[in-house]
Structure formats: structure tokens, C-alpha cells
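The values are calculated or read from the model by the stated rules, or taken from the named source; none is laboratory data. Since the model is a prediction, treat every value here as computed from it, not as a measurement. All Cβ positions, glycine included, derive from the backbone under ideal geometry; neighbour counts span all protein chains shown. Just so you know, the surface numbers come from the protein's heavy atoms only, side chains and all, with ligands and any DNA or RNA stripped out. Shrake-Rupley method; radii C 1.70, N 1.55, O 1.52, S 1.80 Å.
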Amino acid sequence: MEKLNRVELQHFSSEYKEELNSFVLTEEQKQFSALPSNFEEINEGQYRIVILNDHTPVGFFLLNSNERVKKYSTNSNALLISALSINHAEQGKGYAKQGMSLLVEFVQSEFPHCDELVLVVDKDNIPAQKLYLKVGFEDTNERLTGRIGEEIIMRQLIK
């Protein structure tokens, strides 16, 4: 567990590209998320965030401050988290939990206007739901129908 002390969040940089493009997800995980290589081109209002362990990419997600957020929150200061993935070879080591635990502090520093984080998780993705609850997200009790079924909207307020 000592390794987790060197986990940090950073904005994407080209120095991480090769390692991010080598990420692998299982077929089951691909139905819930996407590989970082799917986001070489991003839209305005999207920010690629890398979870690093000892300066090596182990995870990835997007923060969105674009129109997509409005589907899940009426708060104009909210950011939407999407596409969280941990490279298959690094799963089970606590990196997702550690990375998400660092998120509020990271957002306060990098996106000071943000006072709410929102995300959507598939009803069948129990491991992700448990992770988000552990790191401070709450179920809003709002549901949507997504591309593979029912989706749960979760949020975390930033004070």
C-alpha cells in the first residue's frame, strides 16, 4: 500500500500519450467506460486527467464543463466526470479510489469555479458505484436510460 502515497492527478500531457494508448480494458469494462486512446481529440470544455502512480499513468478520466453537464445537473458550476478507466494491469491496487479521493482538492485548485461534481454510472456497474460512494459521491435518486440500460446520477458537492 505504500505505493499509493505517490498517486497524483495531472492534466494530460503528450509525455503520457504512449502509455495511455497502451491501456487495456476487459470486454466487460469496455461496456461501461472507454480507453484513453478514444480521446486523442477532445472538444472544447473537455479536460483529460491522468491518474499517475510514481509519475506513470495508471488511470484516466475526463472532466467536462460543456453542454453534456446540463443533462445531469442544473448547476452551471458543475463538472461532469466521464470515461474513468484504470489500465487492466494496474487494477485492484487502489488507484481508482486514491485518484478519486484526490479529485476534490484537484478541482478546487484547477477549476476554482466548480462547486459540484456529477457523474453517471450504469446500474450494472456495481464496483464503480461502490467506489464512488466510498469517495464521497451520493446517489441523487435520479435515473436515466443510457446506451446499455439504466443509469444512476451521482454527485459530490465541493465546499
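Looking only at residues in region 55-69 that are among the polar types (S, T, N, Q) and crowded, with 18+ Cβ neighbours inside 10 Å, which one is nearest to Lys17 (Cα to Cα)?
Of everything passing the filter in region 55-69, Asn64 is nearest to Lys17 (Cα to Cα).
Of the residues in region 70-106, how many are surrounded by fewer than 21 Cβ atoms within 10 Å (Cβ to Cβ) and β-branched (Val, Ile, Thr)?
The total comes to 2.
Would you point out the residue of region 134-159, among those that are in contact (Cβ under 8 Å) with a residue 12 or more places away in the chain and outside any strand (DSSP E or B), that is surrounded by the most Cβ atoms within 10 Å (Cβ to Cβ)?
Residue satisfying both the conditions and the ranking: Phe137.
Could you please let me know if Ala78 is touching a helix residue (DSSP H, G or I) at 6+ places or on another chain (Cβ under 7 Å), farther than 20 Å from Gln29 by Cβ and touching a residue at least 40 places away in the same chain (Cβ under 8 Å)?
The answer is yes for Ala78.
Quick one: is Asn38 open to solvent by 70 Å² or more (accessible area, probe 1.4 Å), at pLDDT below 95 and under 15 Å from the mean Cα position of the chain (by Cα)?
In short, yes.
Output the residues belonging to region 6-25 that are closer than 15 Å to Asn87 by Cα and open to solvent by 50 Å² or more (accessible area, probe 1.4 Å).
Lys17, Glu18, Glu19, Asn21, Ser22, Val24
For region 44-56, what are the residues that are polar (S, T, N, Q) and more than 19 Å from Val120 (Cα to Cα)?
Matches in region 44-56: Asn53, Thr56.
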